[in-house]
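The values are calculated or read from the model by the stated rules, or taken from the named source; none is laboratory data. Every value quoted in this text rests on a predicted model; they were computed, and no experiment measured them. Note that each Cβ is placed from the backbone with ideal geometry, even for glycine, and that neighbours are counted across all protein chains shown. Heads up: the accessible areas ignore ligands, DNA and RNA and are worked out on the full protein's heavy atoms, side chains in. Shrake-Rupley method; radii C 1.70, N 1.55, O 1.52, S 1.80 Å.
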Amino acid sequence: MPTEQIQIRNFIDGQLIEPVGRQYLDNIEPATGKPYSQVPDSDSRDVELAVAAAVEAFRDWSHQPAMDRSRILLRIADLIERDLEKLARAESIDNGKPLSLARGLDIPRAASNFRFFATAILHTENEAHVTDGIAFNYTLRQPRGVVGLISPWNLPLYLLTWKIAPALACGNTAIAKPSELTPMTAFLLCDICREAGLPKGVLNVVHGTGPNVGQAITAHPRIETISFTGGTVTGRKVAETCAPMFKKVSLELGGKNPNIVFADADQEAAIAGSLRSSFANQGQVCLCGSRVFVERSAYPEFVDRFVQAASKLKVGDPLDTTTEQGAIVSKTQLEKVKFYVDLARAEGGKIALGGAAPEVPNERCRDGYFFPPTVITDLPVSCRVNREEIFGPVVSITPFDSEEEVIGYANDNDYGLASSVWTQNLNRAHRVAEQIHTGTVWVNCWLIRDLRVPFGGMKQSGVGREGGNEALAFFTEPKNVCIAK
Ligand code: NAD
């Protein structure tokens, strides 16, 4: 347990430095409700310094052979793995997530992000076309320059490195802004980058709030590429700022994902999978399936077994390795979760499990932000609780009678990020997957990731795709060269 207040620094031009205004925000540990470190409350002056460093660094970095960039990024991956325990603990304290989840998923995936893009750039091909015997066309893919990378709090290091790794691998330099709620692992990453030999100015990390730092990044004329992950309302602001400047923008936004269980599914697997997709990271994963639809003949048994299994999830101190449900990230987020549970009651829902603050896990966590796994039934499909993103450990379960009906339910939502379908009928799996309007459809699984596949959302869940070739394309500018014969 850290007792001293660590003061986080910005990382600009290879140096860990104080914000220009010397202002800091308290960084609260969600499990205790108490400040445990301080995060720079930076502003446009700090962004200005970071841009100057990134512009300068771009000249060399963009001309480094891919193999050299690759070597440095692979070293970063190795160092993340070396520091896994330290990073996992920091992320658990910062975010409230169970240590086991940070250790088993977030931090290893952050290392994988660097490893994947470090090697991907060694195997890219350029397109070439011979044009009717009169010309030869080839496409150069060049780094775009200084890019802005803005990420949320739910998977702090994983999502930030999902942007940093491809951006740097392609030869760009970057200004990254982690969420002000979870800045610690990004801070620790800066030391790793220095140790790995990343040249100064290639990665700059500016901490602070969205309106101060995020806005300054998106509005800056020298930052022509923005990769943003966060809520849909914020995404809209980012789009509004970037559109008049014709910036290239990728938006990964919110979700209200359907999880569909047919009666012919392996119910054992569907319940175990649904438990994870409902409550992983206290339901604070953009891909969580918060709308569960179960075919009517299987519905009563599914609800019974699901509620029973969810009631056994251990809510506890995130640092206790047996904890399965940690703390909600902030007081504001906890209030939001409570608001939606009250709304569910008002909208006619029946609370089948949870719904009220759990027992205090231990003395240390007396003032922490805890909420138990909560299952709601009997809600109308079209009510607010079933339409709006809650981003907490709250799911509603609704019965359905036909494939057509449940596809309608799944698609009747402004979001379109991801979905799960549980069935043993292969034809049905293909049929339903084709008709659901989400960027990812998992069949008989959840959260399996292959870094090569395009990742992103439809409708209000986002614009653009990340992952594999999509990311390499996003962070480069294609230029066609046409040579007459
Ligand atoms: P948020 O939108 O509040 O904040 C995201 C980031 O944007 C933070 O770093 C924040 O400081 C910054 N920001 C805030 N205002 C800004 C502004 N005006 N200009 C620029 N940046 C600004 O989101 P959050 O609460 O941190 O994260 C939760 C949300 O993120 C949920 O909606 C979740 O679904 C979404 N999310 C989406 C994905 C995905 O891949 N689609 C992944 C994870 C989380």
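Checking residue 254 against (1) touching a Phe, Trp or Tyr at 6+ places or on another chain (Cβ under 8 Å); (2) more than 8 Å from the ligand (Cβ to nearest atom): exactly one of these is not met. Which one?
(2)
Kindly establish whether residue 250 is under 16 Å from residue 54 (Cβ atoms), among the small types (Gly, Ala, Ser) and in contact (Cβ under 8 Å) with a residue 60 or more places away in the chain.
no
If you go through the stretch 106-127 one residue at a time, do you hit one that is in a strand (DSSP E or B) and either open to solvent by 10 Å² or more (accessible area, probe 1.4 Å) or in the same structural domain as residue 49 (by TED's automatic domain parsing) (or both)?
The answer is no; no qualifying residue exists.
Can you tell me which residue within the stretch 304-354, out of those that are under 19 Å from residue 396 (Cβ atoms) and polar (S, T, N, Q), is most open to solvent (accessible area, probe 1.4 Å)?
Here the answer is 308.
Among the numbered criteria (1) touching a residue at least 60 places away in the same chain (Cβ under 8 Å); (2) away from the ligand (no atom under 14 Å from the Cβ); (3) surrounded by fewer than 21 Cβ atoms within 10 Å (Cβ to Cβ); (4) not basic (Lys, Arg), which single criterion is violated by residue 297?
(1)
Looking at the stretch 339-353, which of its residues are assigned to a loop (DSSP other than H, G, I, E, B) and free of Cβ contacts under 8 Å to residues at least 40 places away in the same chain?
Listed by number, the residues that qualify are 347, 348.
Got a number for residues in the stretch 173-221 being within 12 Å of the ligand (Cβ to nearest atom), among the basic types (Lys, Arg) and in a helix (DSSP H, G or I)?
Count: 0.
Say whether the condition of being at pLDDT 95 or above, open to solvent by 50 Å² or more (accessible area, probe 1.4 Å) and over 27 Å from the mean Cα position of the chain (by Cα) is met by at least one residue in the stretch 431-452.
yes
Looking at the stretch 7-97, what strands (runs of 3 or more DSSP E) fall wholly within it and have at least 1 residues that are surrounded by 19 or more Cβ atoms within 10 Å (Cβ to Cβ)?
10-12, 24-29, 34-40
Would you mind stating whether residue 155 is within 10 Å of the ligand (Cβ to nearest atom), buried (at least 24 other Cβ atoms within 10 Å of the Cβ) and over 30 Å from residue 22 (Cβ atoms)?
Judged against the criteria, residue 155 is a match.
Restricting to the stretch 274-289, and then to whatever is within 13 Å of residue 396 (Cα to Cα) and among the hydrophobic types (A, V, I, L, M, F, W, C), can you tell me which residue is nearest to the ligand (Cβ to nearest atom)?
Only one residue fits best here, namely 288.
Residue 406 is checked against (1) more than 15 Å from the ligand (Cβ to nearest atom); (2) open to solvent by 30 Å² or more (accessible area, probe 1.4 Å) and fails just one. What number does that condition carry?
Against the list (1) more than 15 Å from the ligand (Cβ to nearest atom); (2) open to solvent by 30 Å² or more (accessible area, probe 1.4 Å), residue 406 comes up short only on (2).
Residue by residue through the stretch 361-381, note down the ones that are assigned to a loop (DSSP other than H, G, I, E, B), over 26 Å from the mean Cα position of the chain (by Cα) and surrounded by 15 or more Cβ atoms within 10 Å (Cβ to Cβ).
361, 378, 379, 381
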